[in-house]
Amino acid sequence: MSDPIIVQYTINAPANKVWNALTNKSEMKFWYFDILDFDLEVGKVFNFYEPGGENKYHHQCEIVEIIPNKKLKHTWSYPDFSDLKTMVTWELVLENDITLVRLTHEEIENFKDLGDGFSMENFTGGWNTIIGQSLKEYLEK
């Protein structure tokens, strides 16, 4: 088992505002993905494609744990390429109206046979861009 990817950034916003950006599909589309079938409920499956209209990678996730304003945990998979799944955990820690966002992506080795686009380095770079730029800029504007 390989080490998980851990990406964390502080965001100058209260946890409830960060939580809303993470869990409200009308806000997600501005910084993350446009996820039309997202419902914040354990057991719910949601699907999306990368932005840009290519629809190259079908992402499918299932929510496995919710602790409001603190934790969202879901699977992450590519059903067109593999039956294997990984696990993504978003954790929020509030301190003086500044929120630490910590994302942990586990079991990336499940995608090792899918090619370079699914490498640890590629996921790490993607999560850093999504959280450190897109989410941070969206919430701190």
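No lab work stands behind these numbers, since they all come straight from the coordinates. Computed from a predicted structure; not experimentally measured. Positions of Cβ are generated from backbone atoms using ideal geometry, with glycine treated the same way; all protein chains shown enter the neighbour counts.
The table below gives the values:
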quantity: Subset of segment 37-75 [in contact with a helix residue (DSSP H, G or I) (Cβ under 7 Å, 6 or more places away or on another chain) and either free of Cβ contacts under 8 Å to residues at least 40 places away in the same chain or of a type in the set (A, V, I, L, M) (or both)]; calculated: F38, L40, L72
quantity: Within segment 81-116, tally of residues that are over 12 Å from K71 (Cβ atoms), surrounded by fewer than 16 Cβ atoms within 10 Å (Cβ to Cβ) and under 17 Å from the mean Cα position of the chain (by Cα); calculated: 1
quantity: Some residue of segment 118-138 being touching a Pro at 6+ places or on another chain (Cβ under 8 Å) and either surrounded by fewer than 18 Cβ atoms within 10 Å (Cβ to Cβ) or farther than 19 Å from D3 by Cα (or both); calculated: no
quantity: All positions within segment 1-26 that are under 14 Å from the mean Cα position of the chain (by Cα) and either in a helix (DSSP H, G or I) or among the charged types (D, E, K, R) (or both); calculated: V18, W19, N20, A21, L22, T23, K25
